[in-house]
1. As I understand it, the value is the acute angle between the Cα axis of helix A:187-196 and the longest principal axis of the Cα atoms of chain A; what does it come to in degrees, rounded to 10?
2. How much mean residue ellipticity at 222 nm does the protein assembly as shown get from its helices, if each DSSP H run of length 4 or more adds -39500 (n - 2.57) and you divide by all residues, to the nearest 500 deg cm²/dmol?
3. Between residue B:405 and residue A:44, what is the spin-label point distance in nm, taking each point 7 Å from the Cα along the Cα→C-beta axis?
4. Nm distances between the label at residue B:473 and the same-position labels in the remaining copies, 7 Å along Cα→Cβ, shortest first?
5. Once you wrap a convex hull around the alpha carbon atoms of the protein assembly as shown, what is its projected area averaged over all directions, in nm²?
6. For chain B, count the residues as N, evaluate 2.2 N^0.38 Å, and divide the Cα radius of gyration by that value, please.
7. When only Cα pairs under 8 Å and 6 or more residues apart are kept, what is the percent relative contact order across chain B?
8. Can you give me the distance in nm between label points at residue B:249 and residue B:214, each placed 7 Å from the Cα along the Cα-to-Cβ direction?
There are 2 protein chains.
Amino acid sequence: MSEMNGAESLVRSLLQSGVDTCFTNPGTSEMHFVAALDQVPGLRSILALFEGVATGAADGYYRMARKPAATLLHLGPGLANGISNLHNAKKAGSAVVNIVGQHAASHLELDAPLTADIEGLARPVSHWVETSLSAADVGRDAARAVQAARSAPGQVATLILPSDTAWTPGGQVAPALPVPARAPVEAETLEQAAVALSGPDSLLLLGGEALTEENLERAGRIAAATGCALLSEWANARMERGAGRVPVARVPYPINMALEALSRFRRIVLLGARPPIGFFAYPGKPAVLTHPEAEIIALADWAADLDGALAGLEQAVGGSGTDPVLAPPVAPGSVSGPNTPESVAAVLGQYIPEGAIVLDESVTTGRAFHGATLGAAPHTWINNCGGSIGYSLAAAIGAAFACPDRKVMTLTGDGSAMYMPQALWTMAREALDITVVIWANRSYRILLGELSGVGVMNPGPRALDMLSLERPAIDWVGQAQSLGVPAVRVERAEEFAQALERGFAEAGPNLIEVLL
Amino acid sequence: MSEMNGAESLVRSLLQSGVDTCFTNPGTSEMHFVAALDQVPGLRSILALFEGVATGAADGYYRMARKPAATLLHLGPGLANGISNLHNAKKAGSAVVNIVGQHAASHLELDAPLTADIEGLARPVSHWVETSLSAADVGRDAARAVQAARSAPGQVATLILPSDTAWTPGGQVAPALPVPARAPVEAETLEQAAVALSGPDSLLLLGGEALTEENLERAGRIAAATGCALLSEWANARMERGAGRVPVARVPYPINMALEALSRFRRIVLLGARPPIGFFAYPGKPAVLTHPEAEIIALADWAADLDGALAGLEQAVGGSGTDPVLAPPVAPGSVSGPNTPESVAAVLGQYIPEGAIVLDESVTTGRAFHGATLGAAPHTWINNCGGSIGYSLAAAIGAAFACPDRKVMTLTGDGSAMYMPQALWTMAREALDITVVIWANRSYRILLGELSGVGVMNPGPRALDMLSLERPAIDWVGQAQSLGVPAVRVERAEEFAQALERGFAEAGPNLIEVLL
């Protein structure tokens, strides 16, 4: 038996399974894991001031690295603080391996202050939850957690680590376990889809890994061969975009716009996408957004072999000889005038740097972004897939660790950003190349529209007061600087352009408060 | 049948049951509740920028108002963000009524982005969880939720409100339901306790409602009559303290100090307190902190009739004629010199204003506070009972709403405060009379001690880096100002004293960054 303790076997087993990055806010029960970081080279550990930052970073890391990071969380409350971003990760199909400390078994019965039902808290946001029972089990449990996380499309696995299993000798390092292959699509469904895609009243609706550069090219050739339209889900885990790439619009968020965008389609093939539904239920509106007579062909869900599905579909429709429509580059030019959703969109179209990773959490301000940035320099676009706000600042940290050579940019409403301002500190501490753009409209603007959407026609002053962030106005420049991130406030589009240019040119993080 | 919708019946029923304060961050699915605020006068609604602020505020409100506030939270993720402070509330015996929006039943099946297992998330931190099934049920369900919350010692009740039950007509206002009486103590156990309390090797260990001013006086007379010692739990939901009151020290947090403090007692009577245990398990240390031969008499748990128990015990030991030992006022004087845990404690002893509510989240810095503030002007002292950090800024908001005529003061480590900085904005928006004191030691100082406590003897640089908040240092003055709260930084005790005096003299919130 080895003299290695459980914590060290955990670190070594994570490394064996390819997990080399850990986002954490540890506590007493995790101190042996923390100590093992100095015994075992190779596991990078990044401190967050709040656990939602750690779980959001793990999500962003997976989106770009295509392999899971670990989180290390302190007991039930530490996990609880990370749940909402784990919800987002789960809805995005992101692989995450949570390590959650727990009291020693003998201590649990005593109901100490921090005792909580960790498994119960973990289950709603995890595909896999287990508690290690002894130091000898920890390594193998870690390998199983990584295996579960890497199962398609990418899952959330939570391993609970009682402190005595961490500090007791007898740890065993476990090798990586095999990851199940993605399921191929059925030949019959493929044939059915190939027949259905014909003419402008047919739609190929894409999601998940169907939005890689290569798969988009295949989709573009399928569209060229069949005349079908291409759309993606409203929220995408990751999409490649920009000049020279196949342009794919998202199904709009506002329910009336979504109904309108989908109304003409009578045959819809789903490829990595779910049937389009409303984000919320609205009185008197349908929940399913497709035309009542539309035929829906579920070719491949998000866990299926989407590369194979697109290749097969391309072949079935005879797409290989065709030229897809590609996005032309935006015409160079300067933008000036006051900040508006349209002017800032135009600035983005000009200034998104080549290879940038854009994390978009701009629910209201962002409605003009698609058209304006379609011909920007080639870049990656990331959406929040779970609707829990406070996502993009945290996820940007993970994206920056996954791709240290690329510029990272977050586009975030002020209401969303205030959910997770602690992320700014980790950006400063790690000198990450992130440009944080805050759309400062000083309200929960989205909810003004939602009020009438759900049938509240004449909201009174007390209702409207619950949607206002004006009293007091948040000083985002001061907020960022207090956490070590240089910042600037802009009121006009040309100032925004200059600030972006400067932000991208300099190393380390910066924040731009865009007054709207 | 009324034309009132479910949301309006909810607001009216909460008011009928005595709930008139709601801390919230609402979303689309809660818009009908928000709209009802303008239809129904009397329910005060306070906006928070993060749900942990709302749930922490509800906890602080209960501690002082002794009746529950409501929270209004947006779906599963909104609840999730509030869980860690609900954990703290549950461990404190605080009554809280959570209203959590949910998708309409028809929408739930579609697995929209924000869909989550809300009941599953709520259960680990709630004593009572239900989902309303129709508009007609909502009012009665609200009354039942308040009834559950008010059951001793104070419970967390979570009512889930599908959006269609909120917007559908047919709401029925429900009257308040009776609250079960607290259980009286057994006469036999009372007699046993009275016999056990005799001489300095006997201890009366107090918790919960045994720490009211009147009950402390009874405890003081019991101690005077029997020679027993008085202690309270380490974390108390609320304790009355200061000059002229019966002084009761807390069982210390560090395990060796706790073992030492309890070692001499051979007979321990528990009155609203649990048997003393370690906050964590430590290798080679006992989990139960009392002497192995100590006899433990569980006279009354925290849900029992503690007023009756103390009155009965006082009578049984013949305490009514005795004079309790009371804390003498601190000698007036000025403190100067660099900030140290001792010098700032001495400043607190001089400057805590009469009637202040002190929320203490100073795990390392606060170890000298008890002795130094025992003779301060009479005040209320509140601890975090669940150990989940990021509590006191949020709870201060609730205390300020419960007691608008009293000064509120939070004492918080910087690591804890960064868990919930959003609370500062609500303090500014509501112009609450709160002085926020940040102990800026720029580290998770507590964990430095915990490392050796759990047996990590020579932590390496990577481990120590996980405990440091120095890179970058957080500028608390800038942080507060960016959220609308005036702030000042102090390096010396005399500056701290001046800042406190100024902070208490002015209306509205202020923050003092105490560099340590």
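The values are calculated or read from the model by the stated rules, or taken from the named source; none is laboratory data. Predicted model, so just to flag it, every value in this text is computed and none were measured. Cβ: placed from backbone, ideal geometry, glycine included. Neighbour counts: every protein chain shown. Calculation scope for accessible area: heavy atoms of the full protein, side chains included, ligands and nucleic acids excluded. Shrake-Rupley method; radii C 1.70, N 1.55, O 1.52, S 1.80 Å.
1. Tilt of helix A:187-196: around 30 degrees.
2. On the way: 42 runs with 396 residues, N = 1032.
It comes out at -11000 deg cm²/dmol, rounded to the nearest 500.
3. Modelled inter-label distance: 5.9 nm.
4. Nearest first, the other copies' label points are 3.0 nm away.
5. On the way: hull surface 162.0 nm².
The number I arrive at for the protein assembly as shown is 40.5 nm².
6. Values: Rg = 23.7 Å, N = 516, 2.2 N^0.38 = 23.6 Å.
So chain B has a normalised radius of gyration of 1.00.
7. On the way: 1277 pairs, mean separation 74.5, N = 516.
So the answer I get is 14 percent.
8. Result for the modelled spin labels: 3.0 nm.
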